[in-house]
Amino acid sequence: MPANLTPQYLAAEQRFKDATTTQEKVEALEEMMAVIPKHKGTEKLQADLRRRLAKLRNEAGKKHGISKASAMYSIQRDGAGQVVLIGGANAGKSSLLSCLTHATPEIGDYPFTTRLPQPGMMPYENIKIQLVDIPPIDPNYYEPWMGGIVRQADLALLVVDLGTDDLLDEIESVSALLSDSRIRLSGNTGPENEQSPFMFCRTLIVANKCDAPDAQTNLEILREFFGSRFLILPVSAKTGEGLDPLRQKIFEELNIVRIYTKLPGKKADLSSPPFVLKHGSTVLDAARAVHREFVHALKSAKIWSSEKSRRSVKYDGQMVERTHQLEDGDILELHI
Ligand SMILES: Nc1nc2c(ncn2[C@@H]2O[C@H](COP(=O)(O)OP(=O)(O)OP(=O)(O)O)[C@@H](O)[C@H]2O)c(=O)[nH]1
Ligand SMILES: [Mg+2]
């Protein structure tokens, strides 16, 4: 299968070739990992990139005696997707992590409370989504490892403070710092121009502290300037307002589908964890997720749509092609 590498990937690869320091190489490789098309044709290449990245990080650690430290700055992916909380100091990133997950980050009414990345798992219906809280993206604090975490995430929540009048400046400052790391926050899926050297990070604006006195005015200003480019969700980590719609939007923006399997003649066990796949995945992708060997062994498949399906045609045990695209909640019966 051809790899079909995108211009964005090739640009990152060129930067890797041109890099003169280990840090630059690590950054370029991280970007290659983030933008490489994820399909069967690139599996070997992805494995090779992971190996090279691990080797380089190891070398960097040995050189600077910081292998333990660098481990503290990276977060192992977990769950159905990885979402990073970014923003200026004191916006309420850690407070949101604490409301949405069982994590217990330090929260303070002074800037730079958070020093290290901290993950937490957000339950959403029958899956868990990983949230990662990081220090503020601020000129006094920004370090390249923070860009690395943003680059690897599936989605960013740009947390802004509706209680302050400088929220527009704050967004500009965060965007400018990330831009220096060749990351562009984007409300849409990706670059309009495929040649862009930027890594586009899908982003939602989370307008926190909607309970604050001037919140309504600041929300209107925020909507006027950024409403056409980003989805803006007003919330309050203090009162809990807006958190349910936020959970729902995080799930939707991750663009994932939950697939269940069943054995012939048996009912599907909807209480066991589903297989989580990217939106657009096919019956064959699901077969691969169930078991590698199923890809070759698969003879036919039957499908049942979920009761919540919004499709005009609902499936009720019909046979489908291997290339049939799956929908959230589909139940599959694989015949091998
Ligand atoms: N009124 C109000 N205060 C909030 C809300 N969310 C957070 N705060 C307060 O804002 C302050 C900063 O909260 P943190 O969660 O530590 O903010 P942060 O963005 O993690 O800050 P850094 O780690 O320094 O970047 C604390 O005093 C919180 O209690 C909210 O929704 N409403
Ligand atoms: Mg914090």
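Key figures
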quantity: FRET E, pair Glu241, Asp316, Förster distance 56 Å, beta-carbon r, rounded to 0.05; calculated: 0.90
quantity: Length added when fully stretched, Ser175-Lys262, from 0.36 nm per residue minus Cα-Cα; calculated: 26.7 nm
quantity: Relative contact order [Cα under 8 Å, 6+ residues apart], the chain, whole percent; calculated: 13 percent
quantity: Estimated inter-spin distance, Gln76 and Gln248, nm [label 7 Å along Cα→Cβ]; calculated: 3.5 nm
quantity: Order by protection proxy (mean Cβ within 10 Å, highest first), peptides 264-272, 30-38, 319-327; calculated: 30-38, 319-327, 264-272
quantity: Inter-label distance, nm, simple model (7 Å from Cα along the C-beta direction), His291/Ala54; calculated: 2.6 nm
quantity: Relative packing of peptides 7-14, 145-152 - highest average C-beta neighbours within 10 Å first; calculated: 145-152, 7-14
quantity: Structure-based [θ]222 nm, the chain - -39500 (n - 2.57) summed over DSSP H runs of at least 4, per residue, nearest 500; calculated: -11000 deg cm²/dmol
quantity: In nm, spacing of pseudo-spin labels at Asn4 and Lys44 (7 Å Cα→C-beta vector); calculated: 1.9 nm
quantity: Whole-number D in µm² s⁻¹ for the chain, Kirkwood Cα-pair radius fed into Stokes-Einstein, 10 °C, 1.306 mPa s; calculated: 73 µm²/s
quantity: Taking the range 96-196 and dividing mean pair separation by its residue count, relative contact order in percent (alpha carbons under 8 Å, at least six apart); calculated: 18 percent
quantity: For the range 126-246, convex hull of alpha carbons as volume per residue, Å³; calculated: 123 Å³
quantity: Cα-based Rg / Dmax (Å) for the range 135-197; calculated: 12.4, 39
quantity: Whole-angstrom gap from the range 109-169 to the range 262-336, using each part's C-alpha centre; calculated: 35 Å
quantity: Modelled FRET efficiency - R0 56 Å, Thr20 with Ile221, Cβ distances, 0.05 increments; calculated: 0.80
quantity: Unit charges on C-beta of K, R, D, E only; dipole of the chain, Debye; calculated: 1880 debye
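No lab work stands behind these numbers, since they all come straight from the coordinates. Treat the numbers as computed from the prediction; the structure is a model and nothing was measured. Using ideal geometry, Cβ is built from the backbone for each residue, glycine included, and neighbour counts are taken over all protein chains shown.
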